[in-house]
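Worksheet: the structure to be examined is printed underneath.
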Amino acid sequence: MPGSDEQVPGPLAGLRVLEMGQLLAGPFCGQLLGDLGAEVIKLEAPGSGDPMRQWGREKPHGKSLWWPVVARNKKSVTCDLRVPAGQRLARELAERADIVVENFRPGALERWGLDYETLAEANPGLILVRVTGYGQNGPYAPRAGFGSIGEAMGGLRYVTGDPSNPPSRTGISIGDSLAAVFGTIGALAALHGRERTGRGQVVDSAIYEAVLAMMESLLPEWEIGGYQRERTGAVLPNIAPSNVYPARGDELVLIAANQNSVFTRLAELMGRPELAEDPRYATHSARGANMTELDTLIGEWTARFGADELLERLHEGGVPAGRIYTASDMFADPHFTARDAIIRLAHPELGEVPMQNVVPKLSRTPGTVRSTGPELGEHNNEIYRSVLGLAEYEVTGLAERGVI
Ligand SMILES: CC(C)(COP(=O)(O)OP(=O)(O)OC[C@H]1O[C@@H](n2cnc3c(N)ncnc32)[C@H](O)[C@@H]1OP(=O)(O)O)[C@@H](O)C(=O)NCCC(=O)NCCSC(=O)C(=O)O
């Protein structure tokens, strides 16, 4: 079963990551690095731990169903960063780490004596990934940052939703996850840089900039083209046909045929090959300009078929098409099964926990999910004794004093 120990070590095996911070923007970076085989030590406040342990709508046994996913592959140690003894432990762990990931407000690490200069003095190869709302400098740097604000500031919110409604949030914390993905890319690039120079560096990933990086040609469109992108609901401006179309009954089917070759095939399937030659639809720009009219033609055709038959025709005809999936569709889909897109891991209280597999798949040394999110402080003994070489009585003493 994926998740068992018999796998080959992942590509990042041998690297140690120390993860501080909370919720998603930092921890998703730790998840990605752990998926690829790094040892991830998650440092949490004693007593409470990462608030993500409490998050989620459904909580069987009082347990978050997000925690097993975002904290998978991680080892949990407790450590109070507000007291000097805790700060010393964190510095010693960072001295033995390749990468530190954090997503506190700028200034928190500095306040705790965990600034990069201090850490790098003891460990010059250290890479420090800092995920924040606004980055480490600039007038907004000290502000508390949450994903929704960064998504709006980075431009995503304004263009999301139906034009007749106020801008909509996407259904997930996409800004945090994107900042974590860019933080991960930065960490991997910095690892490569370290190969050449032996020196680490700081990776500064801001949520609003991670979102901005996704915004395609928004900026030159405005400044050079004088065009402000607006919300366009289910379609993208000037990209046609690419929409959701009705099948017989209530079902909706997505068709994306916004390329000459694909549109020619769709026109043939529709029994209207002449549409591909029609000056109103023959080119990318013409289809964009006549999107509404084209969508009506396509919708009249799709409504004649049940969704299954329609999709079969489209797949066979080489036209990208599909359904809008819910979780239950994913569990039932043979393609998800064939590619192990969903894995199942044993959890002491929740039984078998299904979750998304590692992305992307590497051919020779693929990543693995080896465990679900740990209990708070589950690995205190293991890590403090084996990594820092503390004696058992020292670990007990630190716990008694509330440092860990
Ligand atoms: C999320 C925040 C607004 C939370 O702000 P604050 O609660 O004020 O925390 P700070 O970052 O200033 O960090 C200091 C606090 O960390 C807490 N803390 C955490 N871990 C520890 C440990 N191990 N020891 C001691 N204290 C700890 C403790 O309460 C500290 O408060 P003191 O006791 O006062 O010292 C901020 O961390 C932030 O802007 N982060 C960067 C952007 C980000 O990651 N946003 C959240 C993504 S999730 C999201 O947006 C979404 O889901 O949507």
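Read-outs: derived from the displayed coordinates by stated rules, not from any lab. Predicted model, so just to flag it, every value in this text is computed and none were measured. Note: ideal-geometry Cβ built from the backbone for every residue, glycine included; neighbour counts use all protein chains shown.
Applying the criteria of a DSSP loop state and at most 13 other Cβ atoms within 10 Å to the trypsin sites (Lys or Arg not before Pro) of segment 37-104 yields ARG57, ARG82. Counting only DSSP H runs of at least 4 residues, each contributing -39500 (n - 2.57), and dividing by the residue count of the chain, the helix-based mean residue ellipticity at 222 nm comes to -10000 deg cm²/dmol.
Within the straight-line cut-off of under 18 Å between alpha carbons, the aspartates and glutamates reachable from LYS59 are ASP50, GLU349, GLU352, GLU375, sequence neighbours fewer than 8 places apart in one chain being disregarded. Near GLU44, the amide H atoms lying under 5 Å from its own belong to VAL77, THR78, CYS79; only residues 5 or more places off or on other chains count, and H is placed 1.01 Å from N.
For the chain, rounded, prolate or oblate, judged on the Cα gyration tensor with a ≥ b ≥ c (square roots of eigenvalues), a/c < 1.5 rounded, else prolate if a/b > b/c? Judged from the Cα gyration tensor, the chain comes out prolate (a/c at least 1.5, a/b above b/c). Each residue in SER217, SER148 was given a count of other beta-carbon atoms within 10 angstrom of its own, and listing them fewest first yields SER217, SER148. Cα centroid distance between segment 1-64 and segment 183-216, in Å? So the two Cα centres are separated by 20 Å.
Between ARG82 and LEU191, what FRET efficiency follows from the Cβ-Cβ distance if R0 is 35 Å, with the result rounded to 0.05? E between ARG82 and LEU191, to the nearest 0.05, is 0.70.
Label zone of PHE336 (point 7 Å out along Cα→Cβ, amide N under 14 Å): in segment 30-63 this covers no residue at all. As a proxy for reagent exposure, ranking SER242, SER285 by other Cβ atoms within 10 Å from fewest up yields SER285, SER242. From least to most packed, judged by other beta carbons within 10 angstrom and beginning with the fewest, ASP98, ASP329 follow the order ASP329, ASP98. Couplings 3J(HN,Hα) for segment 71-88, derived from phi with the Karplus relation 6.51 cos²θ - 1.76 cosθ + 1.60 (θ = phi - 60°), are 9, 4, 6, 9, 10, 9, 10, 9, 5, 7, 6, 8, 10, x, 5, x, 4, 5 Hz, where x marks Gly and Pro.
Multiplying the residue separation of ALA346 and THR296 by 0.36 nm and subtracting their alpha-carbon distance yields 13.1 nm. For the chain, the longest principal axis of the alpha carbon atoms and the long axis of helix 291-302 meet at an angle near 80°. Extension gain, ALA327-THR118: 0.36 nm per intervening residue step, less the Cα-Cα distance, totals 70.6 nm. Enumerate by residue number the GluC sites (Glu not before Pro) in segment 319-393 meeting two conditions: DSSP loop (anything except H, G, I, E, B), and at most 15 other Cβ atoms within 10 Å of the site's Cβ. Within segment 319-393, the qualifying GluC sites (Glu not before Pro) (loop, at most 15 other Cβ atoms within 10 Å) are GLU349, GLU375. Stretching the chain fully between ASN165 and ALA286 yields a gain of 40.8 nm (0.36 nm per residue, less the alpha carbon separation). Applying the criteria of a DSSP loop state and at most 16 other Cβ atoms within 10 Å to the trypsin sites (Lys or Arg not before Pro) of segment 251-350 yields ARG280, ARG304, ARG323, ARG339. For segment 269-313, the square roots of the Cα gyration tensor eigenvalues, ordered a ≥ b ≥ c, give a/c of at least 1.5 with a/b greater than b/c, which places it in the prolate category.
Taking the 0 to 90 degree range and rounding to the nearest ten, how far is the long axis of helix 174-197 tilted relative to the main principal axis of the chain, both from C-alpha atoms? On a 0 to 90 degree scale, this one is about 60.
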